[in-house]
Amino acid sequence: MSTKKPIRVAVTGAAGNIGYALLFRIASGAMLGPDQPVILQLLEIPVEGPQKALKGVAMELEDCAFPLLQDMILTGDAEVAFKDVNWALLVGSKPRGPGMERADLLKDNGKIFIAQGQAIDKVAADDARVAVVGNPCNTNVMIAAAQAKRLSADRFTAMVRLDENRGRAQLAKKAGVSINEVSDLYIYGNHSPTMFADFTHTKIGGKAAADVIGDEAWLKTDFLPAVGKRGAAIIEARGVSSAASAANALIDHVRDLTTVGKVHSVAVKSEGRYGFNPDVWAGMPVKTTATGHEVIDSYEMDDFAKSKIALTNDELVGERETIKDLLA
Ligand code: NAD
Ligand code: LMR
């Protein structure tokens, strides 16, 4: 049995679709390691249906007899859910339906992150880190961070890892190689169709992806929109939004943010890097260090990449403007 101190992980929207695909993997050790005990602090909206469903999920977690799962707290109160947490995974919020853009969720979902940011500020551990999944995640993380000034902005991230995983899978398929051959694909900007999946620095089998694919037009006009609109394609096919792949990406996001040396795509406060507005959270390559993470800001962008980054930056600035009242 592990003698490590348990890590407290809060998950919001724990009885939802992503929650159901996520909690069992956290409890199994897939996210924080095979010898790291965890305490799950699970938040659902405080009404009968979701609370009852949450109890059912907790019963199943119990029935897995996970050796690493030390305790579970089920609650409808954000201050209970975030009490002393080391990681807060903010999933709970409305998903979009067919025909909607993620930004259409801003008005409904934005306010959730005010209350949760305030509760995190009040009760989370001093070393707490926050990962936002609920859409539109780049802007929701900004709202939460604005309310939780006790923690520095670099403790707040949003998830663009699903987009990186999608992009790597598409390139591997096109090149007819294993996914393990595709490296250095990073997502810049918003988790929306404007995102820029930077194939210009990507490698396939150690060679420039553009040379291996040998079809620049495909990269620009097929690959980029396919990655950017993959979420909508899944909603169209399933009738509901991606859940298992989103949960898997969140596991990757947190695992790699806690594994020194890993480089992956994370939406962080831009601080002006790559020409983004300093106050928006934008996807970019991030490297995990012993104390946190640092942005890799040394990639040279060509004019095409710069134009794509400008477009996704404009959208992020527009979203920020829409919710500026929620930042006070
Ligand atoms: P879902 O509707 O199945 O589950 C959401 C759960 O959140 C529900 O159980 C609901 O009761 C709960 N909830 C709502 N408001 C809450 C609040 N204030 N506090 C606590 N719980 C609350 O949705 P889902 O499929 O699990 O998706 C959740 C979110 O994740 C959506 O916004 C979706 O768009 C987003 N998402 C993001 C990515 C990404 O890559 N960033 C990928 C997939 C989905
Ligand atoms: C996704 O990318 O699958 C999620 O953000 C869900 C959505 O609305 O597309």
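Coordinate-derived values only; no laboratory data. As the structure is a prediction and not an experimental result, all values here were calculated from the model. For neighbour counting, all protein chains shown are included, and Cβ atoms are generated from backbone atoms with ideal geometry for every residue, glycine included.
How large are Rg and Dmax for segment 203-294 when only the alpha carbon atoms are used, in Å?
In order Rg, Dmax, the Cα atoms of segment 203-294 give 16.2, 42 Å.
Could you derive backbone 3J(HN,Hα) for segment 6-23 from the dihedral phi with the Karplus parameters 6.51, -1.76 and 1.60 (θ = phi - 60°), listing whole Hz in sequence and x where the residue is Gly or Pro?
In residue order, the calculated couplings are x, 9, 8, 10, 8, 10, 9, x, 5, 9, x, 5, 5, x, 5, 8, 9, 4 Hz.
Zone of T259 (label point 7 Å along Cα→Cβ, backbone N under 15 Å): which residues in segment 14-53?
26, 29-36
May I ask which residue of G189, P67, A249 lies farthest towards the positive end of the charge dipole of the chain, with charges of +1 (Lys, Arg) and -1 (Asp, Glu) on Cβ and the Cα centre as origin?
Comparing the listed Cα positions along the dipole, P67 ranks first.
Over 29 Å between Cα atoms, which of K52/K287; K94/K324; K94/K220; K107/K287; K269/K308; K173/K269 qualify?
Among K52/K287; K94/K324; K94/K220; K107/K287; K269/K308; K173/K269, the Cα-Cα distance tops 29 Å for K52/K287; K94/K220; K107/K287; K173/K269.
Place a +1 charge on the Cβ of each Lys and Arg in segment 161-326 and a -1 charge on the Cβ of each Asp and Glu, then give the dipole magnitude about the Cα centre in debye, rounded to the nearest 20.
The dipole magnitude comes to about 540 debye.
Which residues' amide hydrogens lie under 5 Å from the amide hydrogen of V266, considering only partners 5 or more residues apart or on another chain, with H built in the peptide plane?
M284, V286
Segment 111-153: which trypsin sites (Lys or Arg not before Pro) are DSSP loop and have at most 13 other beta-carbon atoms within 10 angstrom?
K149, R150
For D279 and E48, what is the calculated FRET efficiency with R₀ set at 51 Å and r taken between the beta-carbons, to the nearest 0.05?
According to the calculation, E is roughly 0.80.
Which GluC sites (Glu not before Pro) in segment 218-309 pass both tests, a DSSP loop state and at most 15 other beta-carbon atoms within 10 Å?
Those satisfying the criteria are E271, E300.
Cross-link candidates for K207: which aspartates and glutamates have Cα within less than 14 Å, leaving aside residues fewer than 8 places away along the same chain?
Correct list for K207: E181, D184.
With +1 on each Lys and Arg Cβ and -1 on each Asp and Glu Cβ, how big is the dipole of the chain about its Cα centre, in debye rounded to the nearest 20?
340 debye
Thinking of segment 161-326 as a set of Cα atoms, what percent of all their pairs are more than 26 Å apart?
Pairs farther apart than 26 Å: 27 percent.
Which ³J(HN,Hα) values, rounded to whole Hz and listed in residue order, are derived for segment 252-261 from phi using the Karplus coefficients 6.51, -1.76 and 1.60 in 6.51 cos²θ - 1.76 cosθ + 1.60 with θ = phi - 60°, glycine and proline given as x?
In residue order, the calculated couplings are 4, 4, 6, 4, 6, 6, 10, 10, 4, x Hz.
Placing unit charges on C-beta atoms (Lys and Arg positive, Asp and Glu negative, everything else neutral), compute the dipole magnitude of segment 11-117 about its Cα centre in debye, rounded to 20.
380 debye
Taking a ≥ b ≥ c as the square roots of the Cα gyration tensor eigenvalues, with a/c under 1.5 meaning rounded and otherwise prolate when a/b beats b/c, else oblate, which class fits segment 7-158?
It is oblate, given that a/c is not under 1.5 and a/b is not larger than b/c.
Could you let me know the centre-to-centre spacing of segment 78-147 and segment 270-323, using Cα atoms, in angstrom?
Cα centres, segment 78-147 to segment 270-323: 20 Å.
Mind grabbing the base-10 log of I(q)/I(0) for the chain at q = 0.12, 0.13 Å⁻¹? Debye formula, identical points on the C-alpha positions, no solvent, two decimal places.
-0.80, -0.94
Taking the 0 to 90 degree range and rounding to the nearest ten, how far is the long axis of helix 161-175 tilted relative to the main principal axis of the chain, both from C-alpha atoms?
Helix 161-175 sits roughly 40 degrees off the main axis of the chain.
I need to check one value: relative contact order of the chain, counting alpha carbon pairs closer than 8 Å and at least 6 residues apart, in percent.
17 percent
Taking amide hydrogens as modeled 1.01 Å from N in the peptide plane, which residues meet the under 5 Å criterion relative to V132, leaving out close sequence neighbours?
Excluding prolines and chain starts, which carry no amide H, the hits are L90, T157, A158, M159.
Mind checking which of V260, A146, A53 is farthest towards the positive end of the chain's charge dipole, using Cβ charges of +1 (Lys, Arg) and -1 (Asp, Glu) about the Cα centre?
It is A53.
Stretched out fully, how many nm does the piece from D222 to K149 gain, at 0.36 nm a residue minus the Cα gap?
22.1 nm
Run through segment 155-257 and list the trypsin sites (Lys or Arg not before Pro) located in a DSSP loop whose Cβ has at most 12 other Cβ atoms within 10 Å.
Here no loop site has a sparse enough neighbourhood.
Expressed in nm to one decimal, what extension gain is obtained for the pair K94 and K122 from 0.36 nm per residue of sequence separation less their Cα-Cα distance?
Full extension of this stretch gives 7.6 nm more.
Taking θ = phi - 60°, what integer Hz values does the Karplus form 6.51 cos²θ - 1.76 cosθ + 1.60 yield along segment 134-147, in sequence order, with x for Gly and Pro?
My calculation for segment 134-147 gives x, 8, x, 5, 5, 8, 4, 5, 5, 5, 4, 5, 5, 9 Hz in order.
Give the average over all directions of the projected area of the C-alpha convex hull of segment 18-89, one decimal, in nm².
Computed as one quarter of the Cα hull surface, the answer is 4.5 nm².
Residue separation times 0.36 nm, minus the C-alpha to C-alpha distance between K229 and C64: what's the value?
55.8 nm
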